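Single-structure report; data block below.
The values are calculated or read from the model by the stated rules, or taken from the named source; none is laboratory data. The shown structure was predicted, so the numbers you read here are calculated from the model rather than taken from an experiment. Cβ coordinates were reconstructed from backbone atoms using ideal geometry, including for glycine residues, and neighbour counts include every protein chain displayed.
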Amino acid sequence: MSDKEQTRPAEDRSPPEPEQTSPKRTPTPQTIPRAPEAGEQEQPPRRPEVEELEDRWRRALADLDNLRKRYARELPREREAERAKVAAAFLPVVDNLELALAHAGADDPGTIVSGVRAVRDQAVEVLRSLGYPRYDETGVPFHPEQHEVVSVVDGPDTTAGTVVQVLRPGYGEPGHQLRPAAVAVSRKQE
């Protein structure tokens, strides 16, 4: 054995590679077609239509993902804008309450009461414009979506299940309420 062969590891007994004479030529890897294993089916070549559909599908998924990310970024801004809109709608109410407090020392208490009543009406109007109209009707049939019963009273001249008194008004419409009205309802006469 020569000195070169003795320095190579024992498990590598392949013949030495011939030196390449041309540096321009690089060996190209050759792929050997492999036979399908047991239970594996050979894949047919892909058609251009299928590749185009897969490309469109991937693009649609990427667009959907980008849309979700954009909405996640915009949602806090939109919420803050709505909060600012509601707060701005109530600013005149607060201003008028401050004016009422400033005139609390007036000699005529009727003026103060009418001023506070006007501020209350203004606040009710703001709620109505935001989509929550006030309801505080008496003499109407009890409706569980609009009313919350806090007491039941005997009403000799009313039918059973009629709203006799509104203790706290409700705001909103059925299915879209801020709160139900707290009411007293008449019961059946025995």
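General remarks:
- Within segment 72-98, being more than 24 Å from residue 130 (Cα to Cα) and not charged (D, E, K, R) holds for one residue alone: 72.
- Residue among 165, 177 that alone is over 24 Å from residue 84 (Cα atoms), modelled with pLDDT of 85 or more and either among the acidic types (Asp, Glu) or not assigned by TED's automatic domain parsing to the domain that holds residue 84 (or both): 165
- Matching residues, segment 117-140, being under 36 Å from the mean Cα position of the chain (by Cα) and of a type outside the set (D, E, K, R): 119, 122, 123, 124, 126, 127, 129, 130, 131, 132, 133, 135
- Complete set of residues in segment 117-141 that are under 21 Å from residue 86 (Cα atoms) and aliphatic (A, V, I, L, M): 118, 119, 123, 124, 126, 127, 130
Yes/no per residue for (1) surrounded by 15 or more Cβ atoms within 10 Å (Cβ to Cβ); (2) touching a residue at least 40 places away in the same chain (Cβ under 8 Å):
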| residue | (1), (2) |
| --- | --- |
| 128 | no, no |
| 145 | no, no |
| 155 | yes, no |
| 169 | yes, no |
| 177 | yes, yes |
| 180 | yes, no |
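- Of the listed requirements (1) closer than 23 Å to residue 89 by Cα; (2) of a type outside the set (Val, Ile, Thr); (3) surrounded by 15 or more Cβ atoms within 10 Å (Cβ to Cβ), residue 184 misses just one: (1).
Residue-by-condition table, conditions (1) within 25 Å of residue 89 (Cβ to Cβ); (2) assigned to a helix (DSSP H, G or I); (3) among the aliphatic types (A, V, I, L, M):
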site: 121; (1), (2), (3): yes, yes, no
site: 124; (1), (2), (3): yes, yes, yes
site: 132; (1), (2), (3): yes, no, no
site: 143; (1), (2), (3): no, no, no
site: 165; (1), (2), (3): no, no, no
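- When 86, 150, 93 are screened for being modelled with pLDDT of 90 or more and within 24 Å of residue 169 (Cα to Cα), only 150 passes.
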